[in-house]
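For reference, the structure discussed in these notes is given below.
The values are calculated or read from the model by the stated rules, or taken from the named source; none is laboratory data. Worth saying up front: this structure is predicted, and the values here are computed from it rather than measured. Quick reminder, even Gly has a Cβ in these numbers, built from the backbone with ideal geometry, and neighbours come from all protein chains shown.
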Amino acid sequence: MVRTQVQLTDGQLKALRNAAAETGRSVAELIRQGVDQYLAGRSELGREERIERAIRVAGQFSSGLSDVGTKHDKHLTEAFRR
């Protein structure tokens with residue numbers, strides 16, 4: 001492993017120390033886990049591949065609502081308020 005220095009806010013460090021105490025893991029281990037999760041979530045896909053994937057899943061899910069086509073803005077606004 002390589003040692004590095006990271007600056008955190010007081011609140012971040014306090015929350016990390018609390019999480020470490022609750023889980024029995026070190027702050028460093030929690031930071032490494034967070035970095036791993038961040039890196040795993042980054043998309044290395046190009047714009048075209050992301051578009052193709054979005055097109056392939058279009059229509060594959062159901063909201064259970066019958067008026068999404070006509071009341072899209074209303075439903076989207078409600079979803080963002082949750």
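Yes or no, residue by residue, for (1) free of Cβ contacts under 8 Å to residues at least 12 places away in the same chain; (2) among the β-branched types (Val, Ile, Thr):
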site: Gln5; (1), (2): yes, no
site: Leu16; (1), (2): no, no
site: Glu22; (1), (2): yes, no
site: Leu30; (1), (2): no, no
site: Leu39; (1), (2): yes, no
site: Arg56; (1), (2): yes, no
site: Gln60; (1), (2): yes, no
site: Thr77; (1), (2): yes, yes
Legend entry - Residue count for the range 31-77, restricted to those that are under 22 Å from the mean Cα position of the chain (by Cα), surrounded by 10 or more Cβ atoms within 10 Å (Cβ to Cβ) and modelled with pLDDT under 85: 2
